[in-house]
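The values are calculated or read from the model by the stated rules, or taken from the named source; none is laboratory data. The shown structure was predicted, so the numbers you read here are calculated from the model rather than taken from an experiment. Note that each Cβ is placed from the backbone with ideal geometry, even for glycine, and that neighbours are counted across all protein chains shown. Ligands, DNA and RNA are stripped out before the accessible areas are found, and what is left, the full protein with its side chains, is counted by its heavy atoms. Shrake-Rupley method; radii C 1.70, N 1.55, O 1.52, S 1.80 Å.
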Amino acid sequence: MSNNDANTASLMARVPGPVQPGPGRFSPLGFIAGIRPTELLAVVPFILFAVLFLIAPTFYVVVSAFLDRAGNFTLANIAGLFSEQIRASFWISIRVSATSAILGAILGLLIALAILRGRLPSWIRSTVMTFSGVASNFAGIPLAFAFLATVGRLGLITVLLKFLGLDIYRGGFNLLSFWGLTLTYLYFQIPLMILIIAPAIDGLKKEWSEAASTLGASTWQFWRYVGLPVLWPNLLGTLSLLFANAFGAVATAYALTGMSINMVTIQLYAQIRGDALGDPGLGAALALGMIVITAFANVIYLVVRARAERWLK
Amino acid sequence: MTRSPTAIMASTFRLTLGLAVALLVVDALFRLLTSNLDAIPGQLSALLWDIAYVGIAAVALSILSPLLTAAWQALQPTAQSLWAAPLPIRRGFSRIPWPWVVFLIGAAYFIIPLAATVDFSLKIRRGTYSLDAYTSVFSDPRFQATFTYSLLVGLATIVVGILIVVPAAYIVRLRLPGLRPFIEFVTLLPLIIPAIVLVFGYIRLFNTSSVLPLTGSAIGTNLLLILAYVALALPYMYRAVDTGLRTIDVGTLTEAATILGANQFTILARVIFPNIIVAVLSGAFLSLAIVIGEFTIASLLNRPAFGPYMQNIGANRAYEPAALSIISFVFTWLAMGMIQLLARFAPKTSARTD
């Protein structure tokens, strides 16, 4: 890929373009020797944006987690993370994110396999893919409303089941709980999984399953020894993406539960609004904790992907 | 045919151990993820007991396995005659159309909430179905104001996003392939760093006493909101533009335009951009779908956007939220439908597989 680009680039350098600027070959940065200033100008907005609005804010949050109000180094903010309330809030966020990611990955994989390899009519496939595009973006406030109207205390399903003699709220279900949140999050986690894993499943060559069955492998053996090992890095990668996706979600949980579930994103939201805590250093420490956890999930992914790519070569 | 008892024991032990480990992993995950923090020590001791039970079961099964095998072989003739009956059931089991079952269960999970929401949104009047909730929403001046505001912010996001992403993606593909890892890393950052962390950084970094006091004025805050949304949409925008650039021959087009005397800006605006407009637009509609009902950033920057409005209605009304939910869903569907429609116009020639 980059080889091809490099060829194009070297070819381009030899084109005697009429736009050759006077001073020519101005290059303050060694690694891009031979680049015209106008070309450099094209990446400047992007890099400026990345530095100002992605890297600097993150860096700022990380640094201020270690500073007290006067600007001196302190570990008090980090120590504050280990108070009972905040530990519990991190834990419930991790639980909901991990459960919705694991279940979303498994169910999404099953649905993707069913529509891509289950010999269903082709219109089902295209409909499911389009719907997944919609549903994976149907997160936040409207999603919370939809689930309140479905399995909330006055929701259609709740009322219907009660009519049939099954009171799910008396049976221990609560939309404003761990399982309620997980059920709601699955509505965008499953479609996201389908969207990401579908190309990977399509990448499983037909010849492989044919070769496997020629050698006498059963369907189970094909998936156990060929299909799943090939999909594995993709599965783990998507798992970490789904985890981060759920972990950073604020709006769904906020609209669903208000302050009644103590998720870490809601804690941080309240902290920024100035409703609670009222300690900016602790807010930064909360944000740092969130970055560390999502980064950890993604480092796992990167390591796995690097190993997988080595193997696929 | 007949294996030694120790061989049977060993193979049974391996099999049960594998099964036991798988079972314990699921068990541990389930116990961990369904318990509160203070309940974890209790769950851990329960888990230790589970390990003990499963271990004992595996060992016992292995020790008994030669006996069981012998018993099984002794019963073979009887089993063989009984086999005739159960076999059709087995075949019946595998004849269940699993893809259909999975698809239908999935479809139910995804359709029921929508159906329930539609039903709920129509029930504002006791006893009959009516569209009053929708009329009430559409005639609310705050709905019109916030929706227009979010739509405008969305459009501005798209324009700024295109201006930032397209030139960079073009040059990186053409001349600076060495920058690609850095650019790809940057475009993945918004997926890793939660939006609420970014906005927390913005509020501190661009406050009234900073070098760039964006939060000090309404215009500045609007600008900050737009730039925050550009960050949010960056992964999707970049992916779309890069895919578009991959399907055209950037090098040849640039050479041809250069030979004809076009300068860099003309090449980008009048040669490259028209060629990838379909890809850019699909990125644009995706951005719009993400941005239009966004709550966290808009609410923390105190902007009169559609997301905070919906949250406010949700806290104060009963039936209108359901109507708003359906309206958002239809809007998202329209945006995605536009992408599907655009995909039909995408150039299918000279697709490069690199």
Quiz item: Hey, among A:VAL264, A:VAL250, A:VAL303, which residue is of a type outside the set (S, T, N, Q) and away from chain B (no Cβ under 11 Å)?
Solution: A:VAL303
Exercise. Check whether at least one residue in the stretch B:116-125 is of a type in the set (Gly, Ala, Ser) and open to solvent by 40 Å² or more (accessible area, probe 1.4 Å), and report yes or no.
Key: no
Practice problem: Using the structure shown, decide if B:TYR53 is farther than 30 Å from A:ILE157 by Cβ, in a helix (DSSP H, G or I) and modelled with pLDDT of 85 or more. | Solution: yes
Quiz prompt | Pairs where the first residue, in the stretch A:112-125, is in the same structural domain as A:ILE194 (by TED's automatic domain parsing) and the second is assigned to a loop (DSSP other than H, G, I, E, B), C-beta under 7 Å, 6+ apart | solution = A:ALA114/A:LEU120
Quiz prompt | Index of the failed condition, B:ASN275 passing every other in (1) under 22 Å from B:ILE164 (Cα atoms); (2) surrounded by fewer than 22 Cβ atoms within 10 Å (Cβ to Cβ); (3) at the interface with another protein chain (Cβ under 9 Å from one of its Cβ atoms) | solution = (3)
Exercise. Determine which member of the set B:GLY42, B:GLY55 is farther than 30 Å from B:THR6 by Cα and either under 30 Å from the mean Cα position of the chain (by Cα) or open to solvent by less than 60 Å² (accessible area, probe 1.4 Å) (or both).
Key: B:GLY42
Exercise. Go through the residues of the stretch A:150-161 one by one and say whether even a single one is in contact (Cβ under 8 Å) with a residue 24 or more places away in the chain and either in the same structural domain as A:ILE293 (by TED's automatic domain parsing) or closer than 30 Å to B:ALA133 by Cα (or both).
Key: yes
